[in-house]
1. Check Val508: other-chain or 5+ apart residues with amide H under 5 Å from its amide H, H built from backbone geometry?
2. Would you kindly state how much longer the chain becomes between Phe411 and Glu480 on full extension, computed as 0.36 nm times their sequence separation minus their alpha carbon distance, in nm to one decimal?
3. By per-residue mean of other Cβ atoms within 10 Å, what is the highest-first order of 345-355, 178-188, 528-538?
4. For segment 515-559, go through all pairs of different Cα atoms, get the mean of 1/r, take its inverse, and jot down that Kirkwood value in Å.
5. Can you give the FRET efficiency to the nearest 0.05 for Gln220 and Thr57, using r as the Cβ-Cβ distance and R₀ = 25 Å?
6. Multiply the residue separation of Leu435 and Ala213 by 0.36 nm, subtract the distance between their alpha-carbon atoms, and state the gained length in nm to one decimal.
7. Using 14 Å as the cut-off for backbone N distance, which residues of segment 106-139 belong to the label zone defined by a point 7 Å from the Cα of Phe244 along Cα→Cβ?
8. In what sequence, highest mean first, do 325-337, 510-522, 78-90 appear when ranked by Cβ atoms within 10 angstrom?
Amino acid sequence: MGQAARPGFGRTLGLRWPARPTLRQLRLGSGLVLFAYVLTHLLCHALGNISLDALETGLAVKVALWRTPPALVVLYGALFIHLALGLQAFYERRFYRMRPAETAQLLLGLSVPLLLLSHVVGTRLAWSVEELDRGYAQVLYAAWVAASGHGLMLAVGLVVAWLHGCFGLYFWLRLKRGFARAAPWLLAGAVLVPVLALLGVVQGGRSVAALAADPAWRAQELGPNHLGLAEQTERLGAIRRGLFLAYMALLALVLLARGARTLAETRGGFVRIGYPDGRTVRVPRGSSVLEASRRGRIPHASVCGGRGRCSTCRIRVVDTERSRLLPEPERAERLVLDRIGASPGIRLACQLRPDGDLTVAPLFTPQARAASVRDPERAATGEERFVVVLFADLRGSTRFAEEHLPYDTVFVIGRFLGTVGRAVRESGGTVNQHLGDGLMAIFGLDRDPKHAARDALKAVDGIARHVEQLNRMLAADLGERLRYGVGLHAGMAIVGEFGDETESRFTVLGDTVNVAARLEGLTGPMRQVAIVSEAVYEAAGLSPGALQELTLTGRAQPLRARLIGADATAALQDG
């Protein structure tokens, strides 16, 4: 695929897979595979509301989907990866004021193997190891007629697995663009799917109970080829006990490892994390800075929940000399720091685990304005979404202020900002901040990426027309023309309310904003009216024309952009 073919699609979904995936990406990918399997399982159960034959038909379709050799490799691979990473998360997680949803997701995930082990052995392993053909008739008979307690455990296991997957999807999708609009529909699906599945199981169980009264049906459906001989049942029971003991042993080993780690950390001493307001938190060596903030009940922004998926928890290490001795960022942290163009001394609080005393300054302090907000970290929640950011700045304002009266300077700057702001609003954008003699505008808060990008390009043309009208009006008084520069870039950013405990502001944060500001800063040295990145044209579905590679401070890769002179703004949207 060329660059013009669906650019940024994977970035929008958050599935940008590098050559060597991170642990987070492995957890996400394996979880999505398992969630898809559970979803098809529950949808198949829901067919019981129609008839037992519909259940068997659905089972045939599910088997065709998941029992092919490639599907089995993917499914079992995802199962082992997700289980191993779940145990690793249990080992690494320190329970310093974990949010209830995070605790629920972890505990539900650890309990799924215990609840569903008997069902997996009695169906999947019975088929692959003993070649026993067990369909809905046999499973429902065992769960509904022969041993209702087993059926209750199976129902609980399926609901627990579904809830664990829903929590995982929530933590992944809640920062994505459009989640707020899709949330009611997702919640409805999260409730309806297990309810319909359980009702289908009940209806299917009743049908099987009625059929079981017929000796001919029992002879056909409950024979040895389905339920197995005594020795086969014993072998399956031994497998079940072995897997149960193995999983319990793994949990015990993790608990022992956690205890050994705590003992080693205690013997290894504690570290003190200092904060700008003078507070100090003492935590065992090996704890992260974010864990220290949570233990000390110090508000600390963390939109993604401390998973290294955002940069809102980032801190500046105050001790310059100490920052050189800190552990180097691991791959997951480095990817985020490189994406935002972080300067030296900036680290992610959720990933940094100092081995000595440290003083840090959180860069985004959560707002805690209302007493009704129990968790101060939630006050600064944001949403990751696609936006187009525009920076506009008046050129030569310092020289103008030196040569004119202060009131004249204020008047001219005010007219310029009003002119640019009017052009932005007429094009569908929002003026977010006034920055002295310039401003920052946002497009895409209520529009899809294509229309947001086209609106932003339209705004560049609109600014040119409005400033030209202003120049004609002020020509007699000023004796010179107002000159300006515009930088335009598109991409994902965190949109939300940020500030301190007394004042906050709705704005956008992220690499997209930084790039737009740097593009505007290059318009002066390069003698251009506007510099528009290639990403804007890609999002708009338009041909950008001639592009030039630009090197921006803090970015390893050059950025392709279109340079627009004073006579070219009217042709911005050609193509």
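1. The list, which skips near neighbours in sequence, is empty: none.
2. Working: separation 69, 0.36 × 69 = 24.84 nm, distance 1.53 nm.
Taking Phe411 through Glu480 to full extension adds about 23.3 nm, to one decimal.
3. Details: 345-355: 21.5, 178-188: 11.6, 528-538: 24.7.
Going by the mean number of other Cβ atoms within 10 Å, highest first, we get 528-538, 345-355, 178-188.
4. 11.4
5. After rounding, the FRET efficiency stands at 0.85.
6. Separation in residues times 0.36 nm, less the Cα-Cα distance, equals 71.8 nm.
7. It comes to 113-122, nothing else.
8. Details: 325-337: 15.2, 510-522: 21.9, 78-90: 17.3.
Averaged packing, sorted descending, gives the order 510-522, 78-90, 325-337.
Values quoted throughout were computed directly from the atomic coordinates according to the rules given, and no laboratory measurement underlies them. These figures come from a predicted structure and were not determined experimentally. Neighbour counts run over all protein chains shown; Cβ positions are idealised from the backbone, glycine included.
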